Amino acid sequence: MKIGIVCYPTFGGSGVVATELGKALANKGHQVHFITYSQPARLDFFSENLFYHEVAIAQYPLFDFPPYETALASKLVDVVRFENLDLLHVHYAIPHASVAFLAKQILATYGINIPVVTTLHGTDITLVGKDKSFSPVVTFSINQSDGVTTVSESLKEQTLDYFTINNHIEVIPNFIDLQRFHNKNHEHFKKAIAPNNERIVVHTSNFRKVKRVDDVVRIFHKIIQEIPSKLLLVGDGPERRKAEELARELGITDCIRFLGKQDAIEEILSIADLFIMPSGSESFGLAALEAMACKVPVISSNTGGLPELNVQGFSGYLSDVGDIDDMASKAIHILTEDQVLQQFKENALIRAQDFELSKIVPHYEEFYEKVVEKVKKGN
């Protein structure tokens with residue numbers, strides 16, 4: 001099958017999932033064409049079945065904001081026509097689903113009926129999509145898609161609650177490549193970070209307010225009062241400065257390292273003992289899954305899709321959003337005794353194996369086939 005994938009080419013969850021899905025499909029023999037304004041962050045290897053088409057955005061004095069949506073729609077029409085694509089898979093509702101609808105209408109004038117699958121990832125529904133200025137377009141675009149998927153049951157329920165949807169929504173969870181994400185022996189690296197055998201706590205995110213990075217710092221402050229530990233904060237974003245200032249106020253900067261954006265996150269996770277994700281909202285929790293795959297138990301909030309991923313008392317613990325005391329208490333329980341920590345580490349990997357790439361990608365292939373067949377029958 002020839003598949004076009006549209007996504008944001010960033011380190012965010014939707015872009016990562018879209019890119020990893022495309023790479024997995026290419027490995028299975030499908031021809032995959034990425035169509036976006038820059039090369040996706042995780043599109044980092046050559047394959048005869050992978051192609052990248054850059055969306056050129058013209059700059060004109062007339063426009064304060066260049067018309068990206070128009071340029072993307074034109075590029076979709078071009079790629080579908082000249083690469084003979086069988087299906088378009090757009091990730092993130094805004095603006096990709098509406099752009100795909102426009103492209104589909106233009107392609108119809110050439111006698112081409114291209115099937116469109118839209119995957120909803122989270123903030124496109126729970127945050128941006130709820131904005132009244134976007135809501136009519138989001139609703140229309142979802143209903144006009146030939147197939148719709150979400151990454152968790154929670155996000156499906158939220159979509160149905162927020163919008164008037166008459167389209168079927170298929171739940172296909174995020175997945176993990178266990179060949180890349182697995183625990184590696186990096187004792188020399190661990191010794192450099194924790195020379196006195198301190199426990200290593202990790203948080204990775206884009207440092208937006210919804211990630212509650214200040215909660216991570218406060219939880220860690222309580223942990224180190226009981227257990228010698230180091231905190232590695234991976235990522236960057238608008239809340240980083242606030243987290244740095246809080247660490248100074250609490251007098252714990254010597255125990256924290258801000259590592260910025262990292263490509264090889266699995267190298268860092270391999271030396272970690274605990275992952276903290278206190279988010280105010282998570283449609284799935286891909287970063288937590290990556291940690292679990294590297295045998296790192298997770299302390300998370302119980303919001304959104306996290307309870308579908310992190311099993312209470314098995315792969316880690318869940319707490320109410322903002323309950324710093326409870327998260328710290330559960331973290332200390334996991335970290336105090338080596339035997340308890342080791343059991344949680346083993347359990348984290350067992351849980352991650354449920355989301356292994358080879359188990360999830362076939363669901364997308366089956367869904368594609370259903371959508372293509374449905375569109376053919378509609379002709």
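The values are calculated or read from the model by the stated rules, or taken from the named source; none is laboratory data. Keep in mind it's a predicted model, so treat the numbers as computed, not measured. No Cβ is skipped: glycine too gets one built from the backbone with ideal geometry, and neighbour counts run over all protein chains shown.
For the condition assigned to a helix (DSSP H, G or I), basic (Lys, Arg), modelled with pLDDT of 95 or more and in the same structural domain as Leu231 (by TED's automatic domain parsing), Lys345 qualifies. Taking helices (runs of 4 or more DSSP H) as the structural unit, those lying wholly within the stretch 227-304 and holding at least 3 residues that are over 27 Å from Pro9 (Cα atoms) and of a type outside the set (Val, Ile, Thr) correspond to 240-250.
When Gln158 is tested against the conditions (1) under 19 Å from Leu259 (Cα atoms); (2) crowded, with 18+ Cβ neighbours inside 10 Å, the lone failure is (1). Here Val128 meets the list (1) farther than 20 Å from Lys374 by Cα; (2) of a type in the set (A, V, I, L, M); (3) modelled with pLDDT of 95 or more almost entirely, failing just condition (3).
Filtering the stretch 240-258 for residues that are modelled with pLDDT under 95, hydrophobic (A, V, I, L, M, F, W, C) and crowded, with 20+ Cβ neighbours inside 10 Å leaves an empty set.
Can you find even one residue in the stretch 211-221 that is of a type in the set (A, V, I, L, M) and surrounded by fewer than 20 Cβ atoms within 10 Å (Cβ to Cβ)? No, because not a single residue in the stretch 211-221 is of a type in the set (A, V, I, L, M) and surrounded by fewer than 20 Cβ atoms within 10 Å (Cβ to Cβ).
When restricted to residues that are among the acidic types (Asp, Glu) and closer than 18 Å to Thr118 by Cβ, the stretch 162-188 contains 1. Which one is farthest from the chain's Cα centre (by Cα), of the residues in the stretch 330-352 that are farther than 27 Å from Leu178 by Cβ and touching a residue at least 40 places away in the same chain (Cβ under 8 Å)? Step by step, filter the stretch 330-352, then rank; the result is Thr336.
Flag not set for Ser315, criterion: within 21 Å of the chain's Cα centre (by Cα) and closer than 17 Å to Arg212 by Cβ. Take the residues in the stretch 186-209 that are touching a residue at least 60 places away in the same chain (Cβ under 8 Å) and polar (S, T, N, Q); name whichever of them is surrounded by the fewest Cβ atoms within 10 Å (Cβ to Cβ). Looking at the filtered set, the residue picked out is Asn206.
If you go through the stretch 302-323, how many residues are hydrophobic (A, V, I, L, M, F, W, C) and surrounded by fewer than 20 Cβ atoms within 10 Å (Cβ to Cβ)?
3
Quick check on the stretch 270-285. Is at least one of its residues surrounded by 22 or more Cβ atoms within 10 Å (Cβ to Cβ), more than 25 Å from His188 (Cβ to Cβ), acidic (Asp, Glu) and touching a helix residue (DSSP H, G or I) at 6+ places or on another chain (Cβ under 8 Å)? Checked against the condition, which is being surrounded by 22 or more Cβ atoms within 10 Å (Cβ to Cβ), more than 25 Å from His188 (Cβ to Cβ), acidic (Asp, Glu) and touching a helix residue (DSSP H, G or I) at 6+ places or on another chain (Cβ under 8 Å), the stretch 270-285 yields at least one hit. Go through the residues of the stretch 295-306 one by one and say whether even a single one is among the hydrophobic types (A, V, I, L, M, F, W, C) and within 22 Å of Pro195 (Cα to Cα). For the stretch 295-306, residues among the hydrophobic types (A, V, I, L, M, F, W, C) and within 22 Å of Pro195 (Cα to Cα): present. Quick check on Glu267: is it surrounded by fewer than 16 Cβ atoms within 10 Å (Cβ to Cβ) and within 22 Å of Arg180 (Cα to Cα)? Spelling it out, Glu267 is indeed surrounded by fewer than 16 Cβ atoms within 10 Å (Cβ to Cβ) and within 22 Å of Arg180 (Cα to Cα).
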